[in-house]
Amino acid sequence: MSFSRTKSSIAQTAFQSKAAAQVVDSTLDESAVSLLEQTFRLLPDVVSIYDVDSKQVVYSNRPLAALLGYGDNFRPKEWLLHPNDESNVEAQFQRLLEADDDESVSVRFRLKQADGTWKWFSERQVIFKRHDDGRVAQILKTTRDIQQELPPSGDLLYRITEYNLPNFAMLIFDHQLRYSVATGILLRRMGFSKGEVEGRTLREVVSPEIADWLEPAYQAALMGAEIHLERLIDGVFVSVHCLPVRSESGEITAGMVLAEDITDEKQAMAALIESEQRFAQFSENMQSLFWMLDTANKTPLYFSPAFESIWGVKPEQALENLRIIGTRVYPDDLPLVNQAYEESLTIGKHEIKFRINHPDGTVHWLSSRAFPIYDDQGVLYRVAGIMDDITQNMQMEKVTFDLALEQERMRLLSRFIGTTSHELRTPLTIINTSLYLLRKTNDPTKQDERLGIIEHQVAQLTRLIGQMHMLLRIESISDNANASPVALNKMLGRLENDYQPNITKKELKLELVFGDELPNLNINPDLLLVALQNVLENAINYTNAGTIRLTTSYQDNEIMCTVEDNGVGIDAEDLPHIFERFYKVDKNKRRTGVAAGLGLAITQRIMELGGGRIEVESQVGKGSTFRLIWPVAA
């Protein structure tokens with residue numbers, strides 16, 4: 001490492017933090033500088049030595065200027081320390097000058113970056129060397145960028161605890177294994193002070209047992225080797241790194257020890273091992289299949305032993321040949337499984353049910369749930385999941401569903417029979433009464449009147465039975481069966497001719513306004529005719545005088561047929577129910593005696609089968625508007 005002289009003041013030089021600074025006097029000789037270089041180049045923070053008398057930084061392991069966005073040769077022309085932090089930095093410096101060797105001070109401050117913004121740093125300072133008269137000669141500083149550690153709010157009350165390598169100690173020894181430097185908080189925590197160690201040999205400081213453990217590593221370091229040891233000492237797990245310290249010429253001038261308290265890491269590792277053992281016992285005995293996926297490599301990392309009972313193959317075989325899984329997934333469910341796999345790789349979650357072909361020849365239902373695992377940076381890197389064989393549950397669900405469906409069918413059938421019986425009983429009662437009265441009279445006029453009533457009720461019964469038959473027919477259809485292209489305008493033109501006698505008889509007017517260039521409907525023509533008839537008959541039956549307007553249009557990929565009348569209208573409270581079976585508006589006797597209450601229910605069902613919908617608007621005394629709407633593919 002080369003050194004270059006700096007001429008800036010204490011604060012400016014400390015903030016500039018060149019990679020190294022020349023010793024400005026004889027306070028540090030070449031050997032000492034080499035020792036420091038070997039020591040501090042291993043530490044992650046910016047480590048520097050400040051000479052109090054010359055007010056110069058005589059050593060820095062890396063340039064602080066680079067952390068601020070400046071170049072290596074940067075020389076500040078302005079004060080880089082934030083004005084609000086100047087007094088605190090100076091106060092802590094003066095405090096350290098009055099401190100004991102085993103004390104330290106901490107200070108936080110902001111420095112101006114090359115882009116003009118401010119970055120937060122935390123610095124720990126300890127006395128590195130004193131003059132013979134006791135005055136502080138040199139200060140060891142460790143400076144750390146804490147910008148990312150601060151809360152987003154930038155709370156100035158934020159404090160960093162146990163900073164400046166609280167778990168470390170650093171010692172330098174010569175070829176006689178005599179310590180020349182001993183520093184670090186761990187040293188004090190282990191029961192040693194700086195004065196008790198510096199100037200003494202290894203065996204004068206530690207017990208014979210510990211000396212026998214360390215001495216071979218010390219000697220190896222003086223021979224050029226780097227040795228790592230770990231040991232439990234007085235309840236503390238200590239990691240010791242012994243390495244040689246070389247001069248610029250490459251000569252080994254001393255050895256260095258970096259000791260670290262790794263008790264927490266050891267305890268965490270022991271807890272992890274215990275956790276892994278417990279997990280292994282848990283996963284090996286659980287009936288559910290536990291699995292883990294590596295998102296980076298897109299491959300499974302682990303299948304628990306339950307994989308064999310669920311998939312019929314050993315987990316290690318499946319890990320070696322993933323095609324086994326793909327070949328066993330039920331073909332219809334393979335797209336679902338592939339989609340769940342992709343979701344696991346991207347968001348770490350899925351929850352699906354799918355089928356597999358089990359080696360025993362049966363089809364099994366499985367459920368799979370996935371959960372994300374993030375690293376310290378919040379990046380998804382693992383996905384864990386649970387898989388269960390739910391075949392029995394699905395079978396029970398099917399039985400329960402079938403039972404509930406059958407119960408619903410029986411309920412609807414009972415309701416249908418009850419409602420139908422009522423609807424049939426009314427005209428039958430009228431017919432029976434009319435027959436009785438017919439037998440009691442010989443008056444030809446009254447006989448014709450009774451026969452007319454009977455004929456009308458027979459027609460009503462015939463219509464009711466026809467509608468019930470139609471309702472049963474369309475209820476048994478699940479899709480747009482027997483569909484074919486239908487020209488809507490042409491079908492409506494035929495309806496005009498069919499219903500013209502009824503319209504003329506009631507002295508009504510029928511207006512037809514057909515849209516141009518309507519696409520054909522792809523629908524069952526017989527069912528479409530029934531739907532149109534029901535809506536048109538409603539308009540005729542409930543309009544006593546006036547006009548019925550029938551229009552068609554095509555807009556926004558939808559075909560619309562509108563039937564508008566100026567008849568009696570429907571109460572707002574009745575509108576939500578008019579598509580229910582056997583529902584009739586009869587409170588004020590405005591819409592009675594004409595229909596059995598099945599026409600609109602049939603029409604709505606036909607619209608659903610054809611992929612369309614029916615809408616209605618109505619106002620009492622002003623009439624009703626029914627819209628039949630079908631979407632058309634663009």
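The values are calculated or read from the model by the stated rules, or taken from the named source; none is laboratory data. Everything numeric here is computed off the predicted structure, so don't read it as measured data. Glycine gets a Cβ as well: all are built from the backbone with ideal geometry, and neighbour counts include every protein chain shown. The protein model used for the area step is the full one, side chains on, heavy atoms only, and it has no ligands, DNA or RNA in it. Shrake-Rupley method; radii C 1.70, N 1.55, O 1.52, S 1.80 Å.
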Legend entry - Residue in the stretch 30-45 that is modelled with pLDDT of 70 or more, crowded, with 22+ Cβ neighbours inside 10 Å and closer than 20 Å to R144 by Cβ present: no
Inset, instruction - Could you tell me which numbered condition Q113 fails, if it satisfies all but one of (1) open to solvent by 40 Å² or more (accessible area, probe 1.4 Å); (2) in contact with a Gly (Cβ under 8 Å, 6 or more places away or on another chain)? - result: (1)
Legend entry - Residue that is farthest from the chain's Cα centre (by Cα) [pool: residues in the stretch 512-554 that are modelled with pLDDT under 90 and among the charged types (D, E, K, R)]: E537
Legend entry - Residues being open to solvent by less than 30 Å² (accessible area, probe 1.4 Å) and either within 21 Å of L528 (Cα to Cα) or not in a loop (DSSP other than H, G, I, E, B) (or both) - total across the stretch 552-581: 7
Inset, instruction - Name, by its number, the condition in (1) without any contact (Cβ under 8 Å) to a residue 40 or more places away in the chain; (2) within 13 Å of M190 (Cβ to Cβ) that does not hold for A268. - result: (2)
Legend entry - Residue under evaluation T625, criteria (1) under 51 Å from the mean Cα position of the chain (by Cα); (2) of a type in the set (V, I, T); (3) at pLDDT below 90, criterion not met: (3)
Legend entry - Search result, residues across the stretch 51-97 that are aliphatic (A, V, I, L, M), part of a helix (DSSP H, G or I) and open to solvent by less than 30 Å² (accessible area, probe 1.4 Å): L64, A65, L96
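For the stretch 506-538, which positions are polar (S, T, N, Q), touching a residue at least 40 places away in the same chain (Cβ under 8 Å) and surrounded by fewer than 20 Cβ atoms within 10 Å (Cβ to Cβ)?
Matches in the stretch 506-538: N522 only.
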Inset, instruction - For residues that are part of a strand (DSSP E or B), under 21 Å from I373 (Cβ atoms) and either at pLDDT below 90 or not charged (D, E, K, R) (or both), tally how many sit in the stretch 322-361. - result: 2
Legend entry - So H350, is it in contact (Cβ under 8 Å) with a residue 12 or more places away in the chain and under 29 Å from the mean Cα position of the chain (by Cα): yes
Inset, instruction - Keeping to the stretch 283-304, report how many residues are in contact (Cβ under 8 Å) with a residue 12 or more places away in the chain and open to solvent by 60 Å² or more (accessible area, probe 1.4 Å). - result: 6
Inset, instruction - For residues that are among the charged types (D, E, K, R) and surrounded by fewer than 18 Cβ atoms within 10 Å (Cβ to Cβ), scanning just the stretch 182-197, find the one that is farthest from I127 (Cα to Cα). - result: R189
Inset, instruction - Could you give me the residue pairs with C-beta distances under 7 Å whose first residue belongs to the stretch 604-623 and is surrounded by 13 or more Cβ atoms within 10 Å (Cβ to Cβ), whose second residue is among the polar types (S, T, N, Q) and assigned to a helix (DSSP H, G or I) wherever it lies, and which are 6+ apart or on separate chains? - result: I614/T603; I614/Q604
Inset, instruction - Specify the residue that is nearest to D85 (Cα to Cα); the eligible residues are those in the stretch 98-147 that are in a loop (DSSP other than H, G, I, E, B), without any contact (Cβ under 8 Å) to a residue 40 or more places away in the chain and in contact with a strand residue (DSSP E or B) (Cβ under 6 Å, 6 or more places away or on another chain). - result: I146
Legend entry - Residue, farthest from G235 (Cα to Cα), within the stretch 202-221, restricted to residues that are surrounded by fewer than 15 Cβ atoms within 10 Å (Cβ to Cβ) and not acidic (D, E): P216
Legend entry - Qualifying positions in the stretch 481-505 - open to solvent by 50 Å² or more (accessible area, probe 1.4 Å), at pLDDT 90 or above and not in a helix (DSSP H, G or I): P485
Legend entry - Residue selected from the stretch 362-388 under the condition open to solvent by 80 Å² or more (accessible area, probe 1.4 Å) and part of a strand (DSSP E or B), by the criterion farthest from Q339 (Cα to Cα): Y374
Inset, instruction - From (1) at pLDDT below 90; (2) within 22 Å of I185 (Cβ to Cβ), pick out the condition that doesn't hold for L97. - result: (1)
